[in-house]
Each structure stands twice: as C-alpha cells, then as structure tokens.
Amino acid sequence: MNPVVGLVVAKGESQVQAFLDKKQPYKKSFKVAHTLEGLAILLDFIREVENVSGGRPPIVLESTGHYHTPVVQFFEDIGYLLIIVNPLISYRAKSSSLRKVKTDVIDARHLCELYYKEDLEPYKQRGIQLLNLRNLTRQHENITGLFVQTKLQFQAILDQVFP
C-alpha cells in the first residue's frame, strides 16, 4: 500500500483526509485544532493509518503563509515526511474537474489525489539566515514603495502650490 495524509490548513485548525492507496480513502475527513491535544489526536490517527497500511504516510499540505508552520514544526520534530504544495499547483489540479466546489473536505481529498498524480518534492527546512533575508527583502520593498509614494504625493502638492 501507498498511504498518504492530506491536510488543508486554516487559521487554528486543519481538515484531515487519509488514503491507504490510490482511490482508497481511509475513514471520513475530520477537523483537528492546532493545539497540542488536537495535534496529538492527528498523530494517533496517522499512526492508525500506519498500522493499517503497513507504511509511514507522507503528509501533504498547501503552503498557507504562516498558518501551516506549527503543524510543520510538530511533524518535523517527530520525523514525518512533509510535502508542502504550492497553492498554484493544487489549484491547477483542482480546476481540471468539471465542477468548481470549494470546501476543505474536498480540498483535503484533492491533496491526497494530487500526491498520486504528481511527483511532489519533500519539504526542506529553510535556514534561519534565508528566512531573515527574505523578511528583510520584503521590508525593504515596502519601505521603498512608501518612499516612492511619498515623493509622488510631494510632487503633486508642489504642482498645486507652485503651478
């Protein structure tokens, strides 16, 4: 068997769906909170999937800015394989269906199906220097944008005062 667990991460909670193999969902989808108790329930469920399938399932989730970081950190510390999918890739895969239905239950199912269709890359933790550099770059872009906007506003006021 080739098990997988799909997580749709939102603010404070995740929707979970597991597949034992392609087109073989395991139990019903359910929600879990991003608390230690909620993540412990999720871990118990994943271990149950492990026991039934005989293999350790990778965990597939969409990148959600910063909402997914506590879940990623929790499962990375335990040693699970995480696959974080770019939302554009998952959207493209979902848009191939005829009906446009947007629910977390269906999205979790789509993430599992995407695992079987695509060759997805495992998540690699970024170094702290890279994260700091990314944050500094974004901050620089914001400040530069403010500077340009202020100069344009100042020029507009000068044009009104001294025509």
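The values are calculated or read from the model by the stated rules, or taken from the named source; none is laboratory data. Values in this document were obtained by computation on a predicted structure and should not be read as measured data. FYI the Cβ positions are ideal-geometry reconstructions off the backbone, even for glycines, and counts take in every protein chain you see.
List of remarks:
- Qualifying positions in the range 9-31 - assigned to a strand (DSSP E or B) and closer than 19 Å to Val85 by Cβ: Val9, Ala10, Glu13, Ser14, Gln15, Val16, Gln17, Ala18, Phe19, Pro25, Ser29
- From Val85, Val60, residue being closer than 25 Å to Met1 by Cα and in contact with a Cys (Cβ under 9 Å, 6 or more places away or on another chain): Val60
- The range 71-92, residues that are among the polar types (S, T, N, Q) and at pLDDT below 80: Ser90
- Residue within the range 109-126 that is among the basic types (Lys, Arg), in contact (Cβ under 8 Å) with a residue 40 or more places away in the chain and surrounded by 14 or more Cβ atoms within 10 Å (Cβ to Cβ) present: yes
- Test: residue in the range 147-161 that is acidic (Asp, Glu) and either at pLDDT below 80 or more than 30 Å from Ile41 (Cα to Cα) (or both): yes
- Among the candidates Val71, Val60, the residue that is surrounded by 18 or more Cβ atoms within 10 Å (Cβ to Cβ), assigned to a helix (DSSP H, G or I), of a type in the set (A, V, I, L, M, F, W, C) and touching a residue at least 60 places away in the same chain (Cβ under 8 Å) is uniquely Val71.
- Candidates Gly6, Gly55, Gly65, filtered to the one that is under 22 Å from Ser90 (Cβ atoms), among the small types (Gly, Ala, Ser) and in a loop (DSSP other than H, G, I, E, B): Gly65
- Scope the range 111-163; condition assigned to a helix (DSSP H, G or I), of a type in the set (A, V, I, L, M) and touching a strand residue (DSSP E or B) at 6+ places or on another chain (Cβ under 6 Å); matching residues: Leu111
- Some residue of the range 29-36 being in contact with a helix residue (DSSP H, G or I) (Cβ under 9 Å, 6 or more places away or on another chain), surrounded by fewer than 17 Cβ atoms within 10 Å (Cβ to Cβ) and small (Gly, Ala, Ser): yes
- Within the range 37-53, the set of residues being buried (at least 17 other Cβ atoms within 10 Å of the Cβ) and either of a type in the set (Phe, Trp, Tyr) or without any contact (Cβ under 8 Å) to a residue 24 or more places away in the chain (or both) comprises Phe45 only.
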